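Chemist: Could you have a look at this structure, given as structure tokens, before my questions?
The values are calculated or read from the model by the stated rules, or taken from the named source; none is laboratory data. Note that this is a predicted model, so its numbers are computed, not measured. Heads up, the Cβs are rebuilt from the backbone with ideal geometry, glycines too, and the neighbour counts pull from every protein chain shown.
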Amino acid sequence: MFKKEQIIKGVSASPGIAIGKAYVISDDVFKVEKRIIKDADLSEEIKNLETALLKTKREIVDIQSKMAKEMGSNYADIFDVQLMLLEDRVLLEEIIERLRKELLGVEYIFFDVLKKYKRALEKLNDPYLKERAQDVNDFGKRVLKNLTGKDASHIKELRNKAIIVTHDLSPSEAAVLNPEYVLGLVTESGGSTTHTAIMAKSFEIPAVVGTGSIIMGNIEMDDSLIIDGSRGIIIVNPHQATLKEYEAKKNKVDEKFLNLLKFKDLKSQTKDGVSIKIMANIELSHEVKSAINHGADGIGLYRTEYLYLNRSDLPSEEEQYQAYKLVTLQMASHIVIIRTLDLGGDKLVSQLDMSYELNPFLGWRAIRFCLARPAIFKVQLRAILRASVHGNLQIMFPMISSIEEMEEALKIVDEVMQDLDKEEIPHNKDVKIGAMIETPSVAMTCDHFKGKADFFSIGTNDLIQYTIAVDRINEKIAYLYDPAHPGVLRLIENIIQKSSENNIPVGMCGEMAGETIYLPLLLGLGLRYFSVSPLIIPELKLVASSLTLDQAKEIAREVMSFSSREKIRQYLSLKLKEILGSDYEELIEV
Ligand code: PEP
Ligand code: MG
């Protein structure tokens, strides 16, 4: 345990300062408290278990039949392991026998027995059976909820303001964080572009990730904490003086964000009037309000896969249509780019049989999944196309890695349009359809997409990981993950140049677009469309309006001649200071 004040360094994930008590979430689903019972309680305990198992069975059968209806029985079969566990007499007998012998609460015995099953599966060499350990985990979570009424993650239980400290938080767990209670977030794993970090930014929750295995077991529930999300620092049990210093700093940071709001209505243009668009990235439809409040010129990336997380069924066409329509109507004539389902990587949904893969970011994700599951893809496309009549909606495919994938995806859109025509359902036949550039293969061949892609958006979060060969969620190599790598910059330069030669509008929606120091460089390279976390929009408008295009071009020329990442970053920071003058101290560097 950290008794004295201690400073821990992690990776900066979401800006701002949080001061509060730690709320530690153990990632061990099977950690259930021991509760001593009496002989006389035995039959009640067994009855509780049977009721919970019955309830779990009803839930699973229900989900299974819904899935069978929507997607066919093959998909519904994925719950078979959980149903088998429910019917397993040996498992039940072992639990009852141990209950009688040990006289401990049924939830403890149940999980202890299940833990053994899980470990046995994990040890097997057969990859299929190994993966079934995840089914045992899910099963355990379901029964736990029905036995104790508690969710395994405990996130939803948080009822007092606190800083969450945990080993890892999945994007689906991050999606249910309640900003009213969550003051800040610390995770041992992850890098700055994990989706958990991106969600924290959306919710305006300061976050530090990737601390390594130093946190769990050292920070205890209710320990006093300070987190500085901009600098990636955590201070455990701070001294009084540190606390005072950070309280003052926090006021200054909060003031900075308020001050920046003044710039939200600035025209998105350079000092000499070159017009650009600064749009917002959103994950959930209600975030459109934040986009509008921060002066977004549109929605440049709507990560629709969040509609598919935290549920046991799939979102219906109607539900999706309503969500897309809501966002499109609220953005009026502005562009709304709806990215089709990008599941896989760090965003898994068990109801789609997206099981464990050795290299999930190189695996069955995004457009690859959609092309392999056209029935699911078509439901989403129908919903998007129906919503396309309500405004300036555009469609974007994630993780395109070859022209063939683009063609295949376009063919499916075509089929869906024909179906809608037959059913006389209105949709925009000229809807613009673009691709994300997230793979070096497409970055190098984007000119081949002329006539196929109406626009591009550079997804630097993935493009960087694939270019430098650095897993974006692995904290051990987070130091290598760097937008300033000259190899990354040359790819970006190539994309912008080739797209412009072929009249394909190109934007950027990865986190790099929201890192203020890169804006002059990107403008100088010719980028005109940016899509960022809403919070950053006013800052970018201020920077853009403080420099001319010639200045930006000169900065780009210089940067592209450097070979050192460090030199590039230093040079860009220096230039930003020069561009902003007195605004710099006040607004950017707090
Ligand atoms: C990206 O890769 O840059 C991107 C915007 O997509 P995501 O972060 O959702 O993978
Ligand atoms: Mg991506």
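Chemist: Within segment 507-524, identify whether any single residue is more than 12 Å from ligand 1 (Cβ to nearest atom) and either on the phi > 0 side of the Ramachandran plot or assigned to a strand (DSSP E or B) (or both), and answer yes or no.
Modeler: No; the residues of segment 507-524 include none that is more than 12 Å from ligand 1 (Cβ to nearest atom) and either on the phi > 0 side of the Ramachandran plot or assigned to a strand (DSSP E or B) (or both).
Chemist: For segment 425-443, indicate whether the set of residues that are of a type in the set (Ser, Thr, Tyr), touching a residue at least 40 places away in the same chain (Cβ under 8 Å), buried (at least 17 other Cβ atoms within 10 Å of the Cβ) and within 16 Å of ligand 1 (Cβ to nearest atom) is non-empty.
Modeler: Yes.
Chemist: Under 19 Å from the mean Cα position of the chain (by Cα) and of a type in the set (D, E, K, R): does that describe residue 303?
Modeler: Spelling it out, residue 303 is indeed under 19 Å from the mean Cα position of the chain (by Cα) and of a type in the set (D, E, K, R).
Chemist: Could you go through segment 185-203 and let me know if any residue there is farther than 26 Å from residue 308 by Cβ, of a type outside the set (Val, Ile, Thr), in contact (Cβ under 8 Å) with a residue 60 or more places away in the chain and part of a strand (DSSP E or B).
Modeler: Checking segment 185-203: not a single residue is farther than 26 Å from residue 308 by Cβ, of a type outside the set (Val, Ile, Thr), in contact (Cβ under 8 Å) with a residue 60 or more places away in the chain and part of a strand (DSSP E or B).
Chemist: Sort out for me the strands (runs of 3 or more DSSP E) sitting completely within segment 359-474 that have 3 or more residues that are more than 16 Å from ligand 2 (Cβ to nearest atom).
Modeler: 392-397
Chemist: Please determine whether any residue of segment 8-26 is at pLDDT below 75 and either closer than 30 Å to residue 202 by Cβ or of a type in the set (Gly, Ala, Ser) (or both). Before you say what the answer is, go through the steps one by one.
Modeler: Here is the first cut: in segment 8-26, the residues at pLDDT below 75 are 26.
From the residues that got through so far, the ones that are either closer than 30 Å to residue 202 by Cβ or of a type in the set (Gly, Ala, Ser) (or both) too are 26.
Yes, segment 8-26 has at least one match.
Chemist: What number of residues in segment 447-457 are crowded, with 23+ Cβ neighbours inside 10 Å and in contact (Cβ under 8 Å) with a residue 60 or more places away in the chain?
Modeler: So the answer is 1.
Chemist: Looking at 122, 131, which one is modelled with pLDDT under 80, under 29 Å from residue 11 (Cβ atoms), in the same structural domain as residue 42 (by TED's automatic domain parsing) and not basic (Lys, Arg)?
Modeler: Going through 122, 131 in turn, just one is modelled with pLDDT under 80, under 29 Å from residue 11 (Cβ atoms), in the same structural domain as residue 42 (by TED's automatic domain parsing) and not basic (Lys, Arg): 122.
Chemist: Scan (1) surrounded by fewer than 17 Cβ atoms within 10 Å (Cβ to Cβ); (2) modelled with pLDDT of 80 or more for the single condition residue 73 breaks and write down its number.
Modeler: Every condition holds for residue 73 apart from (2).
Chemist: Can you pull out every residue in segment 335-353 that is away from ligand 2 (no atom under 16 Å from the Cβ) and either modelled with pLDDT of 70 or more or of a type outside the set (Asp, Glu) (or both)?
Modeler: Residues satisfying the conditions are 335, 336, 349, 350, 351, 352.
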